[in-house]
Amino acid sequence: MTTLKEFEEALREQGLQMALAVLERLRERDRAKRSIAPARRITGRKMTPDLARRILELHAETSMTQQEIAFELGVNQGRVNEVIKRGKWLTDDPAAPEAVARDRALDRAAKGRGTPPRPQAPRRKKPAEPASPARTTRQLSLGDF
């Protein structure tokens, strides 16, 4: 399979200037149409029953994907899936499993508890290789060219 660069070089070798001009116009058209897409990751919002209901509304009333809904509302796609598939966060019930898990995590964080980080293993240093006369290095300067 030939790359576009190879194709362009072949056109140059053959002296096909008109074909090269057409190729350049196509490139300019593509450059003009390019746009920079916005970042897909936004700072997450706290999930609330109102936000969960909005997710369900968008899911029912539009043909948006879960990822598009998440991007639109500024939440994680996994949270959108949990609301749609399992009905999470639809009530303000403090006994709901997600509320209990959130409260436990906040409590652990406040007390500074959690899984301690693993200690890092000491790094081994490579033994220095003796310099051999055949493997000497030399720095080039502009005068060498």
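The values are calculated or read from the model by the stated rules, or taken from the named source; none is laboratory data. All of these numbers come straight from a predicted model, not from anything done at the bench. Please note: Cβ atoms are built from the backbone with ideal geometry, for glycine as well, and neighbour counts cover all protein chains shown.
Looking only at residues in segment 71-109 that are among the basic types (Lys, Arg) and within 30 Å of residue 60 (Cα to Cα), the one that is surrounded by the fewest Cβ atoms within 10 Å (Cβ to Cβ) is 85.
A Cβ distance below 8 Å, combined with a sequence gap of six or more or placement on separate chains, defines the contacts here; from segment 110-123, residues that are loosely packed, with under 10 Cβ neighbours inside 10 Å reach residues that are of a type outside the set (Gly, Ala, Ser) and modelled with pLDDT of 75 or more in the pairs 114/108. Taking segment 35-145 as the region of interest, the helices (runs of 4 or more DSSP H) fully inside it that hold 2 or more residues being modelled with pLDDT of 80 or more and small (Gly, Ala, Ser) are 49-61.
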